[in-house]
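I have placed the structure first, in the form of structure tokens, so that the comments after it can refer back to it.
The values are calculated or read from the model by the stated rules, or taken from the named source; none is laboratory data. In this text the structure is predicted, and so the values were computed from the model without any measurement. Neighbour counts run over all protein chains shown; Cβ positions are idealised from the backbone, glycine included. Note: areas computed on protein heavy atoms with side chains; ligands, DNA, RNA excluded. Shrake-Rupley method; radii C 1.70, N 1.55, O 1.52, S 1.80 Å.
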Amino acid sequence: MQATDQDDKTRERDITRAGPKATARKPSFFKMRAQMLDKGRTNTALARTENMWATLKVYASGGENGLHTHPNEDHTFIVLQGSARYYDADGGHTDVGKHEGIMLPAGAYYWFEATSKEPLVLVRIGCRVGTRDASGRLNIRGETMPGDSKENKRVPVVYRDGEFFE
């Protein structure tokens, strides 16, 4: 028997043992579509479970956020369009382009800016670490920092008429 055949049988046995609950949960399907921007940033929820979520984010050229951390969430950004520069708490930075990304463990401080002339489009996938609420964001002083705050460099959104990422 080949190793792959054994792996398949083990998976089938594990699914059978799980019983009816294994089929009670349903998948989510989504389409990545968002309007392009001349100013500001937007978040479009794509899918969510109790412990994991995906968001499509659009930043106008030059858009940025403030230095922060998510203490109870591991997350990743993958660039779909444009480019970004990610900074750490010490001022070091790394440039990330199309089809590249960054993985941020819970507690890692970062901020980024859109560096391309075209809008930056990212998919952001996060997952809870531990049992606490994963939606928290803290500034460098350890204080709560809302995503829509001035400290997080939120500006009014200006949409591009008829232009979408799809």
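Identify, by number, the condition in (1) in contact (Cβ under 8 Å) with a residue 60 or more places away in the chain; (2) within 20 Å of V129 (Cα to Cα); (3) hydroxyl-bearing (S, T, Y) that T76 doesn't meet.
(1)
What is the number of the single condition among (1) modelled with pLDDT under 95; (2) under 16 Å from Q81 (Cβ atoms) that T44 does not meet?
Result: T44 fails condition (1) only.
Name the pairs whose Cβ atoms lie under 6 Å apart, with the first residue in the stretch 123-137 and under 25 Å from V96 (Cα atoms), the second open to solvent by 90 Å² or more (accessible area, probe 1.4 Å), and 6 or more positions between them or separate chains?
Between residues of the stretch 123-137 that are under 25 Å from V96 (Cα atoms) and residues that are open to solvent by 90 Å² or more (accessible area, probe 1.4 Å), the close pairs are C127/M52.
When you look at G82, is it over 17 Å from G142 (Cα atoms), of a type outside the set (D, E, K, R) and modelled with pLDDT under 95, yes or no? Break it down stepwise before answering.
Values: over 17 Å from G142 (Cα atoms): yes; of a type outside the set (D, E, K, R): yes; modelled with pLDDT under 95: no.
No: the conditions fail for G82.
Can you find a residue that is within 18 Å of M36 (Cβ to Cβ), touching a Leu at 6+ places or on another chain (Cβ under 6 Å) and modelled with pLDDT of 95 or more anywhere in the stretch 98-105?
The answer is no; no qualifying residue exists.
Being among the β-branched types (V, I, T) and under 14 Å from the mean Cα position of the chain (by Cα) narrows it down to one of T115, T131, T76, T94, so name that one.
T76
Collect the residues in the stretch 116-166 that are open to solvent by less than 70 Å² (accessible area, probe 1.4 Å), outside any loop (DSSP other than H, G, I, E, B), β-branched (V, I, T) and in contact with a Lys or Arg (Cβ under 9 Å, 6 or more places away or on another chain), keeping them in residue-number order.
V121, V123, V158
Can you tell me which residues in the stretch 72-82 are within 18 Å of M32 (Cα to Cα) and either of a type in the set (G, A, S) or outside any strand (DSSP E or B) (or both)?
Once the filter is applied, which keeps residues that are within 18 Å of M32 (Cα to Cα) and either of a type in the set (G, A, S) or outside any strand (DSSP E or B) (or both), the stretch 72-82 yields only G82.
Here is a list of conditions, (1) surrounded by 15 or more Cβ atoms within 10 Å (Cβ to Cβ); (2) under 13 Å from V79 (Cβ atoms); (3) free of Cβ contacts under 8 Å to residues at least 60 places away in the same chain, and Y110 meets all of them except one; can you say which number that is?
The single condition Y110 does not satisfy is (2).
Could you list, in sequence order, all residues of the stretch 91-115 that are in a loop (DSSP other than H, G, I, E, B), hydroxyl-bearing (S, T, Y) and either touching a Lys or Arg at 6+ places or on another chain (Cβ under 8 Å) or under 24 Å from E163 (Cα atoms) (or both)?
T115
So Y86 clears everything in (1) hydroxyl-bearing (S, T, Y); (2) open to solvent by 60 Å² or more (accessible area, probe 1.4 Å); (3) not in a loop (DSSP other than H, G, I, E, B) except one condition, right? Which one?
Status for Y86: all satisfied but (2).
If you go through the stretch 52-71, how many residues are in contact with a Pro (Cβ under 7 Å, 6 or more places away or on another chain), assigned to a strand (DSSP E or B) and surrounded by fewer than 18 Cβ atoms within 10 Å (Cβ to Cβ)?
0
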